[in-house]
1. List every residue pair whose Cβ atoms lie under 6 Å apart, where the two residues are 6 or more positions apart in sequence or sit on different chains, the first residue falls within segment 395-413 and is in the same structural domain as Asp81 (by TED's automatic domain parsing) and assigned to a strand (DSSP E or B), and the second residue, located anywhere, is within 16 Å of the ligand (Cβ to nearest atom) and charged (D, E, K, R).
2. How many residues are within 20 Å of Ala128 (Cβ to Cβ) and either more than 14 Å from the ligand (Cβ to nearest atom) or at pLDDT below 95 (or both) if we restrict to segment 375-423?
3. Taking segment 15-43 on its own, how many of its residues are closer than 16 Å to Tyr109 by Cβ and touching a Ser or Thr at 6+ places or on another chain (Cβ under 8 Å)?
4. Would you mention how many residues in segment 338-377 are surrounded by fewer than 20 Cβ atoms within 10 Å (Cβ to Cβ), part of a loop (DSSP other than H, G, I, E, B) and not hydrophobic (A, V, I, L, M, F, W, C)?
5. Just to be sure, is Gly94 more than 16 Å from the ligand (Cβ to nearest atom) and buried (at least 21 other Cβ atoms within 10 Å of the Cβ)?
6. How many of the residues making up segment 81-118 are part of a strand (DSSP E or B) and without any contact (Cβ under 8 Å) to a residue 60 or more places away in the chain?
7. Mind checking which residues of segment 119-160 are assigned to a strand (DSSP E or B) and within 16 Å of the ligand (Cβ to nearest atom)?
8. Name the residue, out of Asp132, Asp81, that is acidic (Asp, Glu) and touching a strand residue (DSSP E or B) at 6+ places or on another chain (Cβ under 7 Å).
Amino acid sequence: MNLEQILSDLIRINTVNPPGNEIAAALYLQDLFNQAGVPGEIVETERGRGNFIARTGSGSKSLLFLSHLDVVPVGDGWDFDPFGGEIREGMVLGRGALDCKGLVAAEAYAFLKLVREKVPLNGTLIFAATADEERGGSLGVKHLLEHVPEKLRADFAVNEGGEEPLDLNGQTVFFIQTGEKGTAWSRLTAEGVSCHGSVPSLGENAVIKMVRALHSLAAYQPQVTLIPEVKYMMQELATLVGLDLTVDENNLDALLEHFTNKSFVETLRAMTRMTISPNVVQGGSKINVVPDICTADIDIRILPGQDRENVLSELRRQIGEEISIDLSNYHAPTFSSSQTEHYRAIVEATREVAGKEVLCLPGIFTGATDSRFLREAGIPSYGIGHMAEGFDREIWTTVHGKNERIDVASLHFKASFFEKLALNYLRS
Ligand SMILES: [Zn+2]
């Protein structure tokens, strides 16, 4: 069994979603697990939409290795075949290498290694590689939890979703995702009165009303909110860069000035406040007609602890009463505590595999993964983005972009981490 080869094989199975066709990858995994004597099962939620689930061991404890089989479309401009699965110069190349087939391969490899070595487990290890994550999960984890929740039920889950490790002042820092921001996608609608564009003062221009609203949203100064996990992370980061201060809401932005990596800084900023971004505006149909309607779609992301009411009151405070707000596309933030033996098991396994003193910090993810469904179903879920020491940082930017790839060392680091985690948690 060769880990790189498993990933390469998975990459060569095209599971771009839509249409997904994850069943082909699920069948591949079923065959792989069968060879090790593990009869996994495929749950087909819709024709061609396969979810593969397997389990080993028995006992009171349980741990879920979660990953997803579908990938995003590839686009143009690749330097190699995105579905070639080439293994070259210490890299495995292709769509899904990082998101998320690298994880599928690493989790499968760790699972099967424990089975092959006949390691006695005092608990159940569950492996689930699911469909449809990239388009909302309704044919994957969400469906499974609604129809066959017992198949995923575990003490806790590990999944994708952590930020990549960083080196800060000589210290290696790993991030463990403990929560995800919620989405409160809103549609604003401004209404006016239409008239001929030659005498505009006879009407009431909906676009102009919307422009006023957007102008004040652009000036929005969200309040800084530090949930305990993020506060702890920021405090540790402050200490790492040699600052002698107690981090609070007032000095947070000044602390961020001490980091140079823009994407890191802006990610940290987004972890500490609600964000509001007007991304689609539509209004008017003809140059000589004063428009009577204008809409704006606003991408709003909220922190654990914030809710629909917070969003509405923030919007009203900024835009006043004259524009209507439709907040029907809402998904609550989710969160799993870092004060648990599960979180500590993840930290412990990370340190053991890194083979040196590393700092593990909890964080909030600004995007969304399938972990949100698990958390809502009462299964604590943690995201990791572990990579091997010295990995090429450029690689991380290829997620959802072109030339996606992973270094073989990071792939093995992930597999060792999963093996260690299962051993530590299920053997004790
Ligand atoms: Zn993913």
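1. none
2. Here is the first cut: in segment 375-423, the residues within 20 Å of Ala128 (Cβ to Cβ) are 375-386, 411, 414-415, 417-423.
Within this subset, residues satisfying the condition of being either more than 14 Å from the ligand (Cβ to nearest atom) or at pLDDT below 95 (or both) are 375-380, 382, 386, 411, 415, 417-423.
Result for segment 375-423: 17.
3. 2
4. So the answer is 7.
5. Working: more than 16 Å from the ligand (Cβ to nearest atom): no; buried (at least 21 other Cβ atoms within 10 Å of the Cβ): yes.
Here the answer is no, as Gly94 does not meet what is asked.
6. Step one: list which residues in segment 81-118 are part of a strand (DSSP E or B), which gives 87-88, 91-93.
Going one step further and asking which of them are without any contact (Cβ under 8 Å) to a residue 60 or more places away in the chain, we end up with 88.
Total satisfying the criteria: 1.
7. Selection gives Ala128, Ala129, Thr130, Ala157, Val158, Asn159.
8. Values: Asp81 fails: touching a strand residue (DSSP E or B) at 6+ places or on another chain (Cβ under 7 Å).
Answer to the selection: Asp132.
The values are calculated or read from the model by the stated rules, or taken from the named source; none is laboratory data. Nothing here was measured: the structure is a model prediction, and the numbers come from that model. Don't worry about glycine lacking a Cβ; one is built from the backbone with ideal geometry, like all the others, and counts go over all protein chains shown.
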